[in-house]
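> Let me give you the structure first, and then I'll get to my questions.
The values are calculated or read from the model by the stated rules, or taken from the named source; none is laboratory data. Predicted model only: the values in this text are computed from it and were never measured. Methodologically, a virtual Cβ is constructed for each residue, glycine included, from the backbone with ideal geometry; neighbour enumeration extends over all protein chains shown. The accessibility values were calculated without ligands, DNA or RNA, using every heavy atom of the protein model including side chains. Shrake-Rupley method; radii C 1.70, N 1.55, O 1.52, S 1.80 Å.
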Amino acid sequence: MRKIVVSMWTSLDGFVAGPDDEMDWLLVEDQLQRYERDLVDDAGSLMLGRITHSDFASYWPLAAQNPDEPDDVRGYAQRVDALEKIVVSASGNIATWKNTRRLTHLDPDEITELKRGSGGDIVVYGSLAVIRSLADLRLIDEIHLLVHPVYLRRGKALFGGGQPPVRLELVSAEPFASGVVLMKYHPIDDIPTAS
């Protein structure tokens with residue numbers, strides 16, 4: 001069965017972007033790029049929210065064909081462009097991009113059927129509303145956090161409040177030369193809360 005793998009770049013204090021979506025704190029380096037390439041090489045599908053899908057659609061298909069891009073970037077772009085894209089959008093106002101299909105919402109039965117399909121894992125990038133909904137429905141199989149050696153103090157948190165805590169099991173931790181640490185987790189159970 002395919003897994004749903006959430007991959008996120010985060011600050012040490014758990015923010016995935018600054019308050020105005022700033023991403024200038026990211027450390028993009030060779031080990032991180034190799035991780036990203038390996039992730040999409042093994043994937044069968046990308047699951048994206050409408051905005052992330054639109055951002056990706058405006059960049060990666062062009063990068064895939066651009067001879068001025070470095071070979072590693074162009075290779076990554078070609079793989080992303082070729083993958084099936086599952087975009088979650090109630091409005092249906094989505095960008096045009098080959099191999100894209102739309103889900104109007106995250107239905108647990110429909111997601112289970114997707115996971116039973118053939119091919120590699122379903123990778124979720126960005127798309128905080130999608131990630132939070134998948135977490136609330138307990139449909140995430142693995143979380144990859146690329147923790148950057150910076151604390152932002154404020155910004156957009158990966159997970160919102162209002163839901164019970166979930167305990168995670170560490171699968172692996174790999175430090176990169178830049179100070180970024182790739183940590184892979186499996187959700188295991190809810191943490192009991194005091195009444």
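> From the list PRO165, PRO149, pick out the single residue that is out of contact with any strand residue (DSSP E or B) (no Cβ under 6 Å at 6 or more places or on another chain), closer than 19 Å to MET23 by Cβ and either modelled with pLDDT under 95 or open to solvent by 70 Å² or more (accessible area, probe 1.4 Å) (or both).
PRO149
> Another question, then. Cβ-Cβ under 9 Å, sequence separation 6+ or interchain: first residue in segment 117-141 and free of Cβ contacts under 8 Å to residues at least 12 places away in the same chain and aliphatic (A, V, I, L, M), partner assigned to a loop (DSSP other than H, G, I, E, B) and surrounded by fewer than 17 Cβ atoms within 10 Å (Cβ to Cβ). Which pairs?
Pairs found: none.
> Between a first residue in segment 146-169 that is acidic (Asp, Glu) and a second residue that is surrounded by 11 or more Cβ atoms within 10 Å (Cβ to Cβ) and at pLDDT 85 or above, which pairs have beta carbons less than 7 Å apart while being 6 or more apart in sequence or on different chains?
Every condition considered, the pairs that remain are GLU169/TYR185; GLU169/HIS186.
> So which helices (runs of 4 or more DSSP H) are wholly in segment 1-116 and hold at least 1 residues that are surrounded by fewer than 17 Cβ atoms within 10 Å (Cβ to Cβ) and of a type in the set (A, V, I, L, M, F, W, C)?
By residue number, 50-65, 71-82.
> Given the structure, is HIS186 farther than 27 Å from ALA77 by Cβ, open to solvent by 50 Å² or more (accessible area, probe 1.4 Å) and assigned to a loop (DSSP other than H, G, I, E, B)?
Here the answer is no, as HIS186 does not meet what is asked.
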